[in-house]
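First the structure, in the form of structure tokens, and then the observations on it.
No value in this document is a laboratory result; all are computed from the given coordinates. Here the structure is a predicted model, which is why all the values come from computation and not from measurement. Counting neighbours? That spans all protein chains shown, and the Cβs are built from the backbone with ideal geometry, glycine included.
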Amino acid sequence: MYAQSIKSTGRAVQSLEDMSAEDREFQERIDRGEKIEPKDYMPEAYRKNLIRQIGQHAHSEIVGQLPEGNWITRAPTLERKANLLAKVQDEAGHGLYLYCAAETLGVSRDELFEMLHNGRMKYSSIFNYPTLTWADMGAVGWLVDGAAIMNQVPLQRTSYGPYARSMVRICKEESFHQRQGFHIMIAMAKKGNADQKRMAQDALNRFWYPSLMMFGPSDKDSVHSAQSMAWKIKMNSNDELRQKFVDETVPQAQYLGLSIPDENLKWNEATEHYDFTGPDWSEFDDVLAGNGPCNTDRLETRKKAWADGAWVREGMMAHAEKKAIAAKKAQHKMATG
Amino acid sequence: MTETKEWPLWEIFIRGQHGMSHRHVGSLHAPDAERAIKNARDVYTRRNEGTSIWVVEASAISASSPSDKGPLYEPSTDKVYRHPTFYKLPDEAGNM
Ligand SMILES: [Fe+2]
Ligand SMILES: [Fe+2]
């Protein structure tokens, strides 16, 4: 999902009998539902996997600001502009909570940025698609934040304490994001004129399959998730969450009077779920490999922002150090009279 | 890109309501305490979550270690007399 390209060790999940005493005790704590805290014992692979997962998640939050930031100055009304600004500001906060959670595992934020900027770490494929019209702001809030929420709600119960707590904060803030998106869709698809309805349908058409990709590869192709499930850093399978998303979103599209761009979409009486067409996984692989419509643009924007901000970070640090020295001197003077 | 020294990490504590104690809500990076408070306001109190903010540089916090768990907390488990329910009183004594 936001961490959709996690490849874990590739080894099969060890049975309790085969584990070292420390690892067994660790796994039993997780099985009992206990939280693992930063100073507790954890296997190296658990730590490494979490850094990658939380890091990808954090990167997705901040890169995810870019497609929407694009529309802040172009919002149709002052109210919509304020709404969007607040949402994008929230996403910066989400990135911050998650970077802090990753830092408790012994990686610095600068190191994580570095890995994002040099391509060693990924962010969600969804943010490599362009936002072409205002209706895309509706579709992104409704579908992209909707899919994110579906993944993040169960992660509130994840085994790593700092990660779980940041998820709780994020989920609290997230529901407004989806609602403001749906609100835009209502204004355009239900209350709008013919052109606005067409724009809303077009946005849904373009974002539907990329949204389905957000949940990651099909379960039969993601053989590595068993270990993550055992560690409770992944709570549901990719296909399970994707199905849940489709089942919840279809009636919302019907309410809007929009049609899901899938001829095979059909309610299945037997399974009590919708049958649907999965996304084109070769496109997914291609976008993750760096060949999506906006990959280059997004990364360049990130790198430029980081480089352009360097003098501010340096200047503020130098100022703080100078102030600290001055304060120490003044204190010394007082003490020695 | 020049190598910039990373801003130190601050732990943020917020009093949610009058009468409550400050509670740890998370952390953030800032060059100094003053900035840390301003950033904490932006990050952790955007929805009326606080009436007061404390910031502490993370490196200044000393913490108990998980391996001390036994020695630190086990002595209290055999001191049940620290709890009111240890003392059985006759019903005639009323609520106490
Ligand atoms: Fe978010
Ligand atoms: Fe969001």
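Structure values in brief
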item	result
Semi-axis lengths (Å, descending) of the ellipsoid that matches the C-alpha gyration tensor of chain B	42, 22, 8
Backbone HN-Hα couplings from phi across region A:60-65 [Karplus 6.51/-1.76/1.60, Hz, Gly and Pro as x]	5, 4, 7, 5, x, 6
Kirkwood Rh and Cα Rg combined as Rg/Rh, chain A	1.03
Within-12-Å neighbourhood charge of residue A:103 [Cβ basis; K, R +1; D, E -1]	-3
Cα-based equivalent ellipsoid of region A:103-194: semi-axis lengths in Å, sorted from largest, via gyration tensor	31, 19, 9
Student exercise, the protein assembly as shown dipole from Lys, Arg, Asp, Glu Cβ charges, in Debye to nearest 20	1700 debye
Test item: B:22-32 mean partner chain Cβ contacts at 10 Å	5
Total formal charge among the other residues, if their Cβ is under 11 angstrom from that of residue A:146, Lys/Arg +1 and Asp/Glu -1	-1
Distance (nanometres) between label positions extended 7 Å along Cα→Cβ at residue A:29 and residue A:326	4.6 nm
Residue A:194-residue A:289 FRET efficiency (beta carbon distance; Förster radius 41 Å; 0.05 resolution)	0.55
Directionally averaged projected area (convex hull, Cα atoms, region A:243-337), nm²	13.5 nm²
By average C-beta atoms within 10 angstrom, highest first, the peptides A:161-173, A:260-272, A:78-90	A:161-173, A:78-90, A:260-272
Spacing of the two label points (7 Å from each Cα toward its C-beta) at residue A:316 and residue A:252, in nm	3.4 nm
Pairwise label distance in nanometres, residue A:157 with residue A:303, each label 7 Å out on the Cα-Cβ vector	4.3 nm
Dimensions in Å of region A:35-100 - Rg and Dmax from alpha carbons	16.5, 52
Averaged over A:56-68, number of beta-carbon atoms from partner chains that fall within 10 Å	0
Proxy reagent accessibility, fewest Cβ within 10 Å first, across A:123, B:44	B:44, A:123
Karplus-derived HN-Hα couplings along region A:300-307 (A = 6.51, B = -1.76, C = 1.60, θ = phi - 60°), whole Hz, x at Gly and Pro	4, 4, 4, 5, 5, 4, 5, 5
Alpha-carbon centroid distance for the pair region A:218-286 / region A:17-63, whole angstrom	27 Å
Packing-based ranking, highest mean first, of A:108-117, A:137-146, A:314-323 given that Cβ atoms within 10 Å are counted	A:137-146, A:108-117, A:314-323
For residue A:208, net neighbour charge (Lys/Arg +1, Asp/Glu -1) across residues whose Cβ lies under 13 Å away	-4
Rounded to whole Hz, the Karplus (6.51, -1.76, 1.60) HN-Hα couplings of region A:42-50, x for glycine and proline	8, x, 4, 5, 4, 4, 5, 4, 5
Partner chain coverage, peptide A:311-322 - average Cβ within 10 angstrom	4
Relative frequency of Cα-Cα separations exceeding 22 Å in region A:1-139, percent	51 percent
Of A:230, A:92, A:45, the one that fluctuates the most in a GNM where chain A has Cα springs shorter than 10 Å	A:45
Cα shape, region A:160-233, gyration tensor, a/c 1.5 rule	oblate
